[in-house]
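This report refers to the structure that appears directly beneath it.
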Amino acid sequence: MELYIDRDALGRALGRIQRVVEKRSTQPVLANVLLHAREGLLRLTATDTEVAYIGQVDANVSSGGEVAVEADALFRIVRKLPEPTVHLTLDDKQRLTITAGRASFTLNGLSAEEYPALPPFEARERATVRDGDLLRAIEQTAFSIATEDVRWGINGAHIEQVDTDAGPRLRLVATDRHRLATSQIPFEGQVAFPARMLVPRKALGVLQNLLSGSDDEVTLGFGEGAVQVRRDTDQFWFRLLDGEFPDYKAVIPSEHSHTMLLDRAELDATLDRVTILLTERARPVRFAFADGTLTVDVENVDRGKVEEALPCELDGEPITVGFNGRYLREVLRAVHGGRVRMQLSHALAPCLVTDPDVEDAFFVVMPMRLD
């Protein structure tokens with residue numbers, strides 16, 4: 001194998017696979033990226049057997065070939081190369097030499113036959129979405145996926161189709177039982193989701209790294225227990241989790257007697273300041289809503305007290321509620337508009353959080369008891 005390739009293009013492709021490869025796996029081969037050179041292209045494949053990525057980069061290929069090399073090492077080498085054109089050569093002992101200008105590195109590789117083959121994938125249905133829409137949906141939900149819960153049903157994001165006045169939408173839902181996040185996007189095509197449609201956290205992280213926020217089309221292929229994502233020359237495949245997502249609609253408030261409207265950035269900045277004195281993540285922040293003012297305060301017996309007031313429009317009687325400040329801040333960062341609306345029926349009821357000007361996402365935050 002011998003080829004010349006652009007350093008930055010190769011670096012971008014290697015950067016995309018860093019969240020796919022398994023650096024600490026019991027199978028060392030999974031820490032490698034499979035390079036396959038053919039006429040005009042270098043194809044890169046990475047997998048941990050649950051998720052897989054295939055990308056390609058234009059290259060001037062003198063002779064084709066395949067080799068698997070350590071993905072992290074190759075990525076770090078390419079990023080440090082001094083010249084924009086990279087020369088890759090492979091000898092008969094599976095050693096890959098990377099040369100650019102006066103710098104030259106050699107990595108010991110493995111035969112392509114030792115790299116695990118990707119399972120066949122057959123899409124039963126396909127849907128097309130916009131790159132930017134899918135990226136937004138992931139950003140608005142992935143933070144709510146449970147990270148340490150043994151209940152597999154909430155260790156991934158649920159996907160379903162919902163019908164709206166504007167037409168059918170794909171909805172992502174995630175929860176860790178302390179907060180719930182949903183986001184929906186338009187799509188074209190036909191989909192019929194199985195009862196269990198759980199996307200792993202890792203798959204969403206890889207997807208988030210692949211997407212650019214553009215108007216480019218992304219194709220989603222739904223197969224038996226797996227999903228394939230195609231964007232331009234990139235392909236991404238992942239297995240679905242085997243778990244049943246809870247009935248999330250049961251916690252969405254259907255009635256409310258208190259509606260608060262606030263400036264989102266002001267509330268986020270206020271929470272950033274008042275939580276300085278919090279030493280325990282589980283301690284609540286006190287929110288005292290009144291017409292015209294929200295007073296937010298934290299009192300720490302050992303460290304002191306902080307209080308801040310900001311403008312608030314209140315529809316209903318004054319109410320005092322406790323929230324986990326970190327959880328609420330993560331929800332605020334997922335609301336993209338300038339204002340945020342909070343609605344609840346009483347101090348211990350689930351709080352519905354929305355952008356009053358946009359209907360494509362909503363969030364639920366569970367309150368906390370105040371001492």
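Checking Ala137 against (1) farther than 24 Å from Ala46 by Cα; (2) among the aliphatic types (A, V, I, L, M); (3) over 32 Å from the mean Cα position of the chain (by Cα): exactly one of these is not met. Which one?
It fails just one condition, (3).
Here is a list: Thr320, Thr259, Thr275. Which entry is of a type outside the set (Asp, Glu), under 30 Å from Asp133 (Cα atoms) and touching a Lys or Arg at 6+ places or on another chain (Cβ under 8 Å)?
Being of a type outside the set (Asp, Glu), under 30 Å from Asp133 (Cα atoms) and touching a Lys or Arg at 6+ places or on another chain (Cβ under 8 Å) holds for just one of Thr320, Thr259, Thr275, which is Thr259.
Looking only at the stretch 113-141, how many residues end up being modelled with pLDDT of 95 or more, among the hydrophobic types (A, V, I, L, M, F, W, C) and in contact with an Asp or Glu (Cβ under 8 Å, 6 or more places away or on another chain)?
1
Mind telling me which of the residues Thr49, Thr45, Thr97 ends up being over 23 Å from Val206 (Cβ atoms) and either in a strand (DSSP E or B) or out of contact with any Asp or Glu (no Cβ under 8 Å at 6 or more places or on another chain) (or both)?
After ruling out the rest, the residue left standing is Thr97.
Considering only the stretch 273-330, how many residues are within 18 Å of Leu348 (Cβ to Cβ) and surrounded by 14 or more Cβ atoms within 10 Å (Cβ to Cβ)?
The total comes to 16.
Across the stretch 134-171, which residue is farthest from Glu217 (Cα to Cα) among those that are among the basic types (Lys, Arg) and out of contact with any strand residue (DSSP E or B) (no Cβ under 6 Å at 6 or more places or on another chain)?
Looking at residues that are among the basic types (Lys, Arg) and out of contact with any strand residue (DSSP E or B) (no Cβ under 6 Å at 6 or more places or on another chain), I get Arg151.
Regarding the stretch 305-316, can at least one residue be identified that is without any contact (Cβ under 8 Å) to a residue 60 or more places away in the chain, among the acidic types (Asp, Glu) and in contact with an Asp or Glu (Cβ under 7 Å, 6 or more places away or on another chain)?
yes
In the stretch 77-90, which residues are surrounded by 13 or more Cβ atoms within 10 Å (Cβ to Cβ) and free of Cβ contacts under 8 Å to residues at least 40 places away in the same chain?
Ile77
Please state which one of Thr49, Thr26 is without any contact (Cβ under 8 Å) to a residue 12 or more places away in the chain and of a type in the set (Ser, Thr, Tyr).
Among Thr49, Thr26, only Thr26 is without any contact (Cβ under 8 Å) to a residue 12 or more places away in the chain and of a type in the set (Ser, Thr, Tyr).
A quick yes/no check of all residues on (1) within 27 Å of Asn324 (Cβ to Cβ); (2) out of contact with any Asp or Glu (no Cβ under 7 Å at 6 or more places or on another chain); (3) at pLDDT 90 or above:
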site	(1), (2), (3)
Thr164	no, yes, no
Ala174	yes, yes, yes
Gln184	yes, no, yes
Arg196	no, no, no
Leu204	yes, yes, yes
Leu220	no, yes, yes
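Please go through the stretch 214-233 and pick out each residue that is in a strand (DSSP E or B) and loosely packed, with under 14 Cβ neighbours inside 10 Å.
Of everything in the stretch 214-233, just one residue is in a strand (DSSP E or B) and loosely packed, with under 14 Cβ neighbours inside 10 Å, namely Glu217.
If I go through the stretch 1-42 residue by residue, how many of them are of a type in the set (D, E, K, R) and assigned to a strand (DSSP E or B)?
3
Taking the stretch 181-228 as the search range and keeping residues that are within 19 Å of the chain's Cα centre (by Cα) and of a type in the set (Val, Ile, Thr), which one is nearest to Val335 (Cα to Cα)?
Applying the filter and picking the extreme gives Thr182.
Does the stretch 294-308 contain any residue that is touching a strand residue (DSSP E or B) at 6+ places or on another chain (Cβ under 8 Å) and among the small types (Gly, Ala, Ser)?
Within the stretch 294-308, not a single residue is touching a strand residue (DSSP E or B) at 6+ places or on another chain (Cβ under 8 Å) and among the small types (Gly, Ala, Ser).
When you scan the stretch 204-221, do you find a residue that is in contact (Cβ under 8 Å) with a residue 40 or more places away in the chain, more than 18 Å from Glu50 (Cβ to Cβ) and among the aliphatic types (A, V, I, L, M), even just one?
Checked against the condition, which is being in contact (Cβ under 8 Å) with a residue 40 or more places away in the chain, more than 18 Å from Glu50 (Cβ to Cβ) and among the aliphatic types (A, V, I, L, M), the stretch 204-221 yields at least one hit.
Among the residues of the stretch 114-131, are any surrounded by 20 or more Cβ atoms within 10 Å (Cβ to Cβ) and without any contact (Cβ under 8 Å) to a residue 60 or more places away in the chain?
no
Out of Phe245, Phe238, I need the residue that is over 16 Å from the mean Cα position of the chain (by Cα) and surrounded by 20 or more Cβ atoms within 10 Å (Cβ to Cβ). Which one?
Phe245
For (1) assigned by TED's automatic domain parsing to the domain that holds Gln228; (2) more than 26 Å from Val229 (Cβ to Cβ); (3) among the small types (Gly, Ala, Ser), each residue gets a yes or a no:
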{"site": "Ile54", "(1), (2), (3)": "no, no, no"}
{"site": "Val69", "(1), (2), (3)": "no, no, no"}
{"site": "Val78", "(1), (2), (3)": "no, no, no"}
{"site": "Leu96", "(1), (2), (3)": "no, yes, no"}
{"site": "Gly109", "(1), (2), (3)": "no, yes, yes"}
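So, in the stretch 170-187, of the ones that are part of a strand (DSSP E or B) and without any contact (Cβ under 8 Å) to a residue 40 or more places away in the chain, which residue ends up surrounded by the fewest Cβ atoms within 10 Å (Cβ to Cβ)?
Arg171
The values are calculated or read from the model by the stated rules, or taken from the named source; none is laboratory data. Just so we're clear, the structure is a prediction, and the values are computed from it rather than from any experiment. Quick reminder, even Gly has a Cβ in these numbers, built from the backbone with ideal geometry, and neighbours come from all protein chains shown.
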